[in-house]
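Have a look at the structure below before the remarks.
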Amino acid sequence: MDWKIFLEQAPSGGMTYLGWLWSGLFWTLAVSACAWVLAFTVGSVVGIARTTPLAWARALGTAYVELFRNIPLLVQMFLWYFVMPEVIPKAWGDWLKQDMPNLLTLPFAAQFSLWEFTAAVLCLGLYTASRVAEQVRSGIQSLPRGQVAAGLAMGLTLPQVYRHVTLPMAYRIVIPPMTSEFLTIFKNSSTALTIGVLELTAQSRQISEYTFKTFEAFTAATLIYIVITMTVILLMRTLERRVAVPGYIAQGGGH
Amino acid sequence: MGGEFDWTVIWKYREALWDGMLTSLKLFAIALAGGIFFGTLLALARLSSWKALSLPAAGFVNLIRAIPFIMAIFWFYFLTPMIVSKFTGQQGEAVGPFTSAVVAFIMVESAYYSEIIRAGIQSIPRGQPAAAYALGMTYWQSMGHIVLPQAFRNMLPVMLTQAVILFQDTSLVYVVALKDFLGAASKAGQLTGRIVELYLFVAVVFFILCFAASWGVKRLQARLAVAR
Amino acid sequence: MAMIEIRNVSKWYGAFQVLKDCTSRVEKGEVVVVCGPSGSGKSTLIKTVNGLEPFQQGEIVVNGTSVGAAKTNLPKVRAQIGMVFQNFELFPHMSITDNLTLAQVKVLGRTREAAVEKGHKLLERVGLLNQKDKYPGQLSGGQQQRVAIARALSMDPIAMLFDEPTSALDPEMINEVLDVMVELAREGMTMMVVTHEMGFARKVAHRVVFMDHGQIVEDCTKDEFFGTPRSERAQAFLSKILHH
């Protein structure tokens, strides 16, 4: 064991190997957070679409979920990064590959460009959206049918019923699964290393390749993953308790 | 649209792609069988009242579930040859990348399956094993004849859904340069410069297989729901 | 020597004591009814007899074997004692015949043919031979409990334990189960029965044990119990039970 290795100067980025790990963690979190916002937004729209009385909206929602759920994440990563620029109009594809990277230089010793980052976020976000959509749908469908009827009987329109009755309750049910969806993105973000995003897993492998201290490098990354996972679980438990409706939804925690 | 496509490349590389698919399927089958077998043992260990069994099992499962699948693959890719050479005295080369990948997948899947199976075992009313014990059965007889058959039946749809996910996850061996279906397509793409066609083909094949399997699981679930 | 001997048994769930220094015995051929309000520990007590519930103090000896001892082969003891549960606990994934034969084959090592023959004979006895190929979910509660009794009898037990065998049944099904139990008692089976069915106790019990708050409050002959119960608690319990 040689843990001092992390304090040695790394060959690039003007930092130590520990700096590489922090950089990797930063980009893991950045990709995960952006992808989660995208997943939450798109997933909510798709999930709600699957519960509306509109047949075409339901069909589109179902098609979305089936498409993104039945192709491996890694293959989707390659579709966004390698295939997408080639099948859209050539000027757009060239812009993605050549001009987008020059829009800004990514901070924190990124060693990759805005285009790789964008492709990773798109892939992880839209993939996870299919899972979020299923959670939102089942959350809405778990509510008693009488709720919608009661809302309509009061003279509310259907969008108003969703806005004021269905969704506020459904999202309280959906929040615990959302925690695990964030953790899923957080772990899945390591697939971005295949398109050159140097996130935490990639950095730990890079350190092992430069120093041959594989055990130390992997252990460090593993510990970071565990700490973040536990932190997220604790934070979300607190949040769940805050939003729990008294006397309803036992899994809201805090008895 | 950007450029013209040349789909003949898929026919030209059909043998390599087929070999890759066979590798994927082999990895899938071994990981599935191993994952369910060791997952069952892990679940039993976690439910044991004996702390020396339940704590390490819980630790292993939670550890594996907290790290990315790729990180776990890297770990076992690194550890397996080391451990094997320690036992056999041979150098690391004795263990090929496929064996390391198999070990990694069995380990990761056993952690995921153990959670499913544990939930399945806990869904069986406590009176069932009690009745088995009252008839003079041992722990293993009660598990083998009474609890596990019912648990597996309850959990069948979830276990099959997890199998579809596992099949998709086999593509992750790409990161250790094993030539599975995706790896074979990737290689052919590098040789011909036709990655667009090849990756689209891979996506379509995976979609058809997984969509059909998911649909089958849904049908089965509906039938089980009626039977109950 | 008593068939079942319970000596000074105490049991705790954490800090809560569920059994307090319980002592009783069941002689060969004797029928003992255990009754008492819910939460009095009677179900826990009967489950300690075949080791389904562990206990921390005291001793239970069944046919000469100490149940609580570390080196006791519990499966062997349990194979000799039949048990019938409140919720029947037939195995839902097996046919009625398989429910009756599984333990005969796996525990007693009987051949499948012998086990089926025995099982069907007992099914006939409880009047359910025509149900032999069905699954437990297809039977009524009363039928399931009769199958459960047949299943316990298929092991040729030296004694039978009944844990509230009729309390999960609809009222119109209680008698079909009690009839089987009465017949069994009259044949001389050693029985320990946790039940609220005082009619059954009157008809066939030799002794009645009354429990409250984990203690055995009364342990006397049937006539003494129904004639002049000594404790107020037993009197209160009896008047409640008999008026409902």
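The values are calculated or read from the model by the stated rules, or taken from the named source; none is laboratory data. Note that the coordinates shown come from a computational prediction; the quantities given were computed from them, not determined experimentally. Every residue, glycine among them, receives a Cβ derived from its backbone with ideal geometry; neighbour counts consider all protein chains shown. Quick note on the areas: whole protein, heavy atoms, side chains included, nothing else; ligands and nucleic acids left out. Shrake-Rupley method; radii C 1.70, N 1.55, O 1.52, S 1.80 Å.
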Can you tell me how many residues in the range C:86-111 are in a helix (DSSP H, G or I), of a type outside the set (A, V, I, L, M, F, W, C), open to solvent by 10 Å² or more (accessible area, probe 1.4 Å) and facing another protein chain (nearest Cβ under 10 Å)? 2
Scan the range C:188-217 for residues that are of a type in the set (K, R) and buried (at least 19 other Cβ atoms within 10 Å of the Cβ) and report the count. 1
Near pairs, Cβ below 8 angstrom, 6+ apart or cross-chain, from the range A:181-202 (on the phi > 0 side of the Ramachandran plot) to any residue that is open to solvent by 10 Å² or more (accessible area, probe 1.4 Å) and among the charged types (D, E, K, R): A:G196/A:E116
Got at least one residue in the range B:36-48 being closer than 28 Å to A:E209 by Cβ and surrounded by 15 or more Cβ atoms within 10 Å (Cβ to Cβ)? no
Looking only at the range B:167-203, count how many residues are among the small types (G, A, S), more than 7 Å from every other protein chain (Cβ to nearest Cβ) and buried (at least 20 other Cβ atoms within 10 Å of the Cβ). 6
Which one of these is modelled with pLDDT under 95, hydroxyl-bearing (S, T, Y) and in contact with a Leu (Cβ under 8 Å, 6 or more places away or on another chain): A:T16, A:T41, A:T51? A:T16
Does the range C:65-85 hold any residues that are assigned to a loop (DSSP other than H, G, I, E, B), open to solvent by 50 Å² or more (accessible area, probe 1.4 Å) and not polar (S, T, N, Q), and which are they? C:G68, C:A70, C:K71
Please list, ordered by residue number, the strands (runs of 3 or more DSSP E) wholly in the range C:164-239 having 3 or more residues that are over 18 Å from the mean Cα position of the chain (by Cα). C:215-221
Is it fair to say A:V46 is open to solvent by less than 60 Å² (accessible area, probe 1.4 Å), out of contact with any Gly (no Cβ under 9 Å at 6 or more places or on another chain) and either part of a helix (DSSP H, G or I) or among the aliphatic types (A, V, I, L, M) (or both)? no
Considering only the range C:140-163, state which residues are open to solvent by 10 Å² or more (accessible area, probe 1.4 Å), of a type outside the set (K, R) and assigned to a helix (DSSP H, G or I). C:G141, C:Q143, C:Q144, C:L153
Any residue that is in contact (Cβ under 8 Å) with a residue 24 or more places away in the chain and more than 30 Å from B:A72 (Cα to Cα) - is there at least one of those in the range B:124-146? yes
So, in the range C:112-139, exactly how many residues are part of a loop (DSSP other than H, G, I, E, B) and not hydrophobic (A, V, I, L, M, F, W, C)? 5
Those residues of the range C:4-58 which are basic (K, R) and either assigned to a loop (DSSP other than H, G, I, E, B) or closer than 23 Å to C:T190 by Cα (or both) amount to C:R7, C:R25, C:K28, C:K42, C:K47
Being within 30 Å of C:A79 (Cα to Cα) and either buried (at least 19 other Cβ atoms within 10 Å of the Cβ) or of a type in the set (S, T, Y) (or both) is the requirement here; does B:Y113 meet it? no
For A:E209, are the conditions met, namely being over 21 Å from A:Q111 (Cα atoms), acidic (D, E) and either open to solvent by 30 Å² or more (accessible area, probe 1.4 Å) or within 14 Å of chain B (Cβ to nearest Cβ) (or both)? no
Return the pair list, or none, for Cβ contacts closer than 7 Å from residues in the range C:31-60 that are more than 30 Å from C:S239 (Cβ to Cβ) and within 14 Å of chain B (Cβ to nearest Cβ) to residues that are of a type in the set (D, E, K, R) and assigned to a loop (DSSP other than H, G, I, E, B), at least 6 apart or on different chains. none
Within the range A:166-203, can you find the residues that are more than 30 Å from B:Y112 (Cα to Cα) and open to solvent by 40 Å² or more (accessible area, probe 1.4 Å)? A:P168
